[in-house]
Amino acid sequence: MSKDSTEKDNLDSANIDNEKVKEIFEIIQRGSEEILVEGDLKKKIILSLQEGKPLNVKLGLDPTSPDLHLGHTVVLMKLRELQKLGHKVTLLIGDFTAKIGDPSGRNTTRPVLTDEEIEENSRTYFEQVGLIIDMDAVLVRKNSEWANKLSSSEMIRLAGVTTVARMLERDDFTNRYQSGKSISLHEFLYPLMQGYDSVILNSDLELGGTDQKFNLLMGRDVQRFFGQDVQCILTMPILEGLDGVEKMSKSKNNYIGFKDEADQMFGKIMSLSDELMWRYIDLLTFKGDSEKKKLKQSVLEGQNPKNIKIELASDIVGRFYNRETAIKVANDFEERFKNNKIPESIDEKVFKGKGFDIVFLLKNTGLARSTSDAFRSIQQGAVRVDGQKVFERGLVLKNGCFVLQVGKRSFIRVRVE
């Protein structure tokens, strides 16, 4: 008998609606990068339905910065979907682990935060996260509640869960080790402590970005060590920043912040390349596959992608502000676009390659005399792409036709192929 037929028999015998389980699993899976282990998660869903008991869903947040950006929205939107399914969500503030510093994706040791910085960052997190998820239905915990009480013998026991060889399987640790860069012993404790959090919370499902996969898997190891049913993990894609290359990050200045002014948020989204726009629609909206397919078909049939970008920008601004504000900034944008009318006949230059940054294009079209001149024009707000001001020096234009403008009278059409 096949595994699929066995699962169906089990469902039927337990009087559980197979279609209901399938529907819940598909909602959880939609837009995710990976679920480990899928079979285990289906069993947890079945048990949840049988017992009328919600899954314990965990999301850890390290308060390393006071501001969140749209990159954080990807996992928060999935958390909101899980809330709507009726599951119990715990936001874990890693105030203890923030003092260790998450080594994920790092090539150096993270600086240690003070208690005051951690407390202030945590406070602003709640305000910002509440724009996406229902905070009234969230349990908030801090891992200092139990981590500060661990004795030295308990910490040593926890360290016995894994090995140095396993830790060095991490790309970030391996790269630092091979390049001769230091790895502090306390950094090995971070994934172990994150795993111990899952034990305390009796987590059924933990969410995180793809860069957190090692830490999330460590949670399963620690739970198993303590004789607990292991959690499933759900990783969400990493959102690229405005440059379309690097992960969205405040330190890389390629981000759209939760606290950005409405017109600035709108403008940044309008500065996205057409290619990157589809990525943002995939990760930052609740549009279904059929709706996205219709939008792409409309562009193939001649609709200007700018109209879809306006819809995307309005949707996101409306989410963080309100519908009235979104309508106002959209109208303001259209008015500015009209007042900066592009001449009917302008020069055109073709660049062949995967993508070119705005500074390179300004220099190589003659709109800027030098790199510093291009930087200065951007800083002064004199540079526009398709009528929209450019805020980011790292903006990359890919695969499309764009009108570059500096000041009121300098225009050129650029085609990237």
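The values are calculated or read from the model by the stated rules, or taken from the named source; none is laboratory data. On a predicted model such as this, the values are computed, not experimentally measured, just so you know. Neighbour counts run over all protein chains shown; Cβ positions are idealised from the backbone, glycine included.
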| Considering residues of the range 307-334 that are exposed (fewer than 14 other Cβ atoms within 10 Å of the Cβ) and over 22 Å from CYS401 (Cα atoms) only, the residue modelled with the lowest pLDDT | ASN331
| said: Among the residues that make up the range 285-306, is at least one of them in contact with a Ser or Thr (Cβ under 8 Å, 6 or more places away or on another chain) and surrounded by 18 or more Cβ atoms within 10 Å (Cβ to Cβ)? | reply: no
| request: For the range 247-255, indicate whether the set of residues that are without any contact (Cβ under 8 Å) to a residue 12 or more places away in the chain, out of contact with any Phe, Trp or Tyr (no Cβ under 8 Å at 6 or more places or on another chain) and not assigned by TED's automatic domain parsing to the domain that holds HIS87 is non-empty. | output: yes
| message | Suppose we filter LYS84, LYS78, LYS43 for residues that are closer than 20 Å to PHE320 by Cβ, without any contact (Cβ under 8 Å) to a residue 12 or more places away in the chain, in the same structural domain as LEU131 (by TED's automatic domain parsing) and of a type outside the set (Asp, Glu); which single one remains? | response | LYS84
| task | Could you tell me which numbered condition GLY267 fails, if it satisfies all but one of (1) part of a helix (DSSP H, G or I); (2) of a type outside the set (Phe, Trp, Tyr); (3) at pLDDT 90 or above? | result | (3)
| query | What residue, of GLY244, GLY208, is in a strand (DSSP E or B) and among the small types (Gly, Ala, Ser)? | reply | GLY208
| query | So is GLY381 within 33 Å of the chain's Cα centre (by Cα), in contact (Cβ under 8 Å) with a residue 24 or more places away in the chain, in a loop (DSSP other than H, G, I, E, B) and more than 23 Å from LEU284 (Cβ to Cβ) or not? | reply | no
| field | Long-range neighbours under 6 Å by Cβ, at least six apart or interchain, first residue within 16 Å of VAL164 (Cα to Cα) within the range 208-221, second part of a helix (DSSP H, G or I) | value | ASN215/PRO191; ASN215/GLN194; MET218/PRO191; MET218/GLY195
| field | Test: residue in the range 146-167 that is free of Cβ contacts under 8 Å to residues at least 40 places away in the same chain and on the phi > 0 side of the Ramachandran plot | value | no
| field | Search result, residues across the range 211-241 that are in a loop (DSSP other than H, G, I, E, B) and out of contact with any Asp or Glu (no Cβ under 9 Å at 6 or more places or on another chain) | value | PHE226, GLY227, GLN228, LEU239
| message | For a quick check of your reading of the model, give me the residue pairs whose first member lies in the range 8-34 and is surrounded by 13 or more Cβ atoms within 10 Å (Cβ to Cβ), whose second is in a loop (DSSP other than H, G, I, E, B) and at pLDDT 90 or above, with beta-carbon atoms closer than 9 Å and at least 6 apart or on different chains. | response | ILE24/LEU85; ILE27/LEU85; ILE28/LEU85; GLY31/PRO237; SER32/PRO237; GLU33/PRO237; GLU33/ILE238
| When the range 47-103 is examined, which residues are found to be within 13 Å of ASP197 (Cα to Cα), more than 15 Å from the chain's Cα centre (by Cα) and at pLDDT 90 or above? | ASN56, VAL57, LYS58, THR90, LEU91, LEU92, ILE93
| Which listed residue is modelled with pLDDT of 90 or more, on the phi < 0 side of the Ramachandran plot and loosely packed, with under 13 Cβ neighbours inside 10 Å, from ASP171, ASP115, ASP204, ASP136 | ASP136
| Given the conditions (1) in the same structural domain as LEU139 (by TED's automatic domain parsing); (2) touching a strand residue (DSSP E or B) at 6+ places or on another chain (Cβ under 9 Å), and given that GLY227 satisfies all but one, which numbered condition is not satisfied? | (2)
| Residues in the range 356-372: is at least one assigned by TED's automatic domain parsing to the domain that holds TYR280, over 24 Å from the mean Cα position of the chain (by Cα) and surrounded by 14 or more Cβ atoms within 10 Å (Cβ to Cβ)? | no
| Meets criteria (modelled with pLDDT under 85 and assigned to a helix (DSSP H, G or I)) for PHE360 | no
| note | Here the residues within the range 46-76 that are of a type in the set (A, V, I, L, M, F, W, C) and surrounded by fewer than 19 Cβ atoms within 10 Å (Cβ to Cβ) are LEU47, LEU49
